[in-house]
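Working notes for the structure below.
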Amino acid sequence: MIANIKSGNVHEANAVLNDLLGYVLFSQNASFDSVKARSIELCCILSRVTIEYGATTVGVLNFNNEFIKSLQKITNIYDLCIKLQETVEVFISSIQHHQSKISNIVIQKASDYIAHNYAKPLTLEELADYVHLNPSYLSTLFSQTTGSSFKSHLNIVRIEKSKNLLTSTDYSLIEIANAVGFQDYSYFSKVFKKHIGMLPSQYRNNANS
C-alpha cells in the first residue's frame with residue numbers, strides 16, 4: 001500500500017486496500033467495528049508517510065480528525081470502502097504535490113550550479129553529488145522537470161554564453177569554445193548550429209554587419 005501511494009499508483013493502491021479490507025473482515029468474523037479500527041490505524045500509518053514526504057503535521061492531523069469524525073457516520077462496509085478510497089487518493093495527491101515542490105527546488109539548485117560552472121568540464125555525476133541525488137535519478141528528474149536532458153541544458157547555457165562572447169569580444173572561435181566549456185571546437189560548432197541555425201562564424205559576421 002505504502003509503495004503504491006509513494007509512486008502515485010491510485011489503481012494499485014485501491015486494489016491493495018480492497019484486499020486489506022477483505023482480509024480484516026474475514027479474520028475478524030465480519031466485525032464492522034474491527035474494520036473501522038483497522039481503518040484508523042491505516043490512516044495513521046499513511047499520515048506518517050505523508051509527513052515524511054514533506055506534508056505539514058498540522059494539515060495531516062486535521063485531515064485525520066475529519067476522517068475519524070466521518071467514520072462515526074458510516075454504517076456499512078460499502079460507504080467505508082468509498083471513504084477509504086477517497087482518503088488514499090488524498091494522501092497520494094499530497095505526496096505528489098510535495099514531491100513536485102521538492103523536485104523543483106532540487107532542479108533550481110542544479111540549474112544554478114550549472115550557471116556558475118558551465119565553463120568547467122561539468123559532469124552529471126558531479127552535479128548529482130552537489131544536490132545529493134543518484135545520477136540516474138537526477139537525470140530522470142531533470143528531464144521530467146525541465147523537458148530537456150542535463151547535457152542538452154548544459155549545452156544551451158554554454159551556447160548562450162558563447163553568443164555574448166562572439167558579439168562583444170574579438171576572441172578567436174576556438175578561444176570562445178574553450179571559454180564556455182567546449183574542449184572540441186568542431187563539437188562546439190555542431191551544437192551551436194543545431195541550436196542557433198548557423199555556424200559561430202556566421203553568427204559573428206551577421207552581428208558585426
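Laboratory data are not the source of any read-out in this text; all were calculated from the coordinates shown. Since the model is a prediction, treat every value here as computed from it, not as a measurement. So basically every Cβ, Gly included, is an ideal-geometry build from the backbone, and we count neighbours across all protein chains shown.
Worth a mention:
- Folded to 0 to 90 degrees: helix 185-196 orientation relative to the chain principal axis, Cα: 60
- Out-of-range pairs (alpha-carbon distance over 24 Å; input K36/K101; K161/K194; K161/K193): K36/K101
- Pairwise centroid distance, computed over Cα atoms, of the range 1-76 with the range 77-143, Å: 25
- The chain: relative contact order as a whole-number percent, Cα under 8 Å and 6+ apart: 15
- Calculated mean residue ellipticity at 222 nm for the chain: -27000 deg cm²/dmol, from DSSP H runs with n ≥ 4 weighted as -39500 (n - 2.57), summed, divided by the residue count and rounded to 500.
- Using alpha-carbon coordinates, inclination of helix 57-73 to the longest axis of the chain, degrees: 30
- Residue by residue, the range 35-50 carries 3J(HN,Hα) couplings of 5, 4, 5, 5, 5, 5, 4, 4, 4, 5, 4, 5, 5, 5, 4, 5 Hz when phi is fed to the Karplus relation 6.51 cos²θ - 1.76 cosθ + 1.60 (θ = phi - 60°); x denotes Gly or Pro.
- Percentage relative contact order, the range 1-124, counting C-alpha pairs under 8 Å, at least six apart: 32
- FRET efficiency estimate (nearest 0.05) - Cβ-Cβ, K190 to T145, R0 30 angstrom: 0.70
- Rounded, prolate or oblate (a/c below 1.5 giving rounded, otherwise prolate when a/b exceeds b/c) for the chain by Cα gyration tensor: prolate
- Cα gyration tensor, the range 98-209 - rounded (a/c under 1.5), prolate or oblate: prolate
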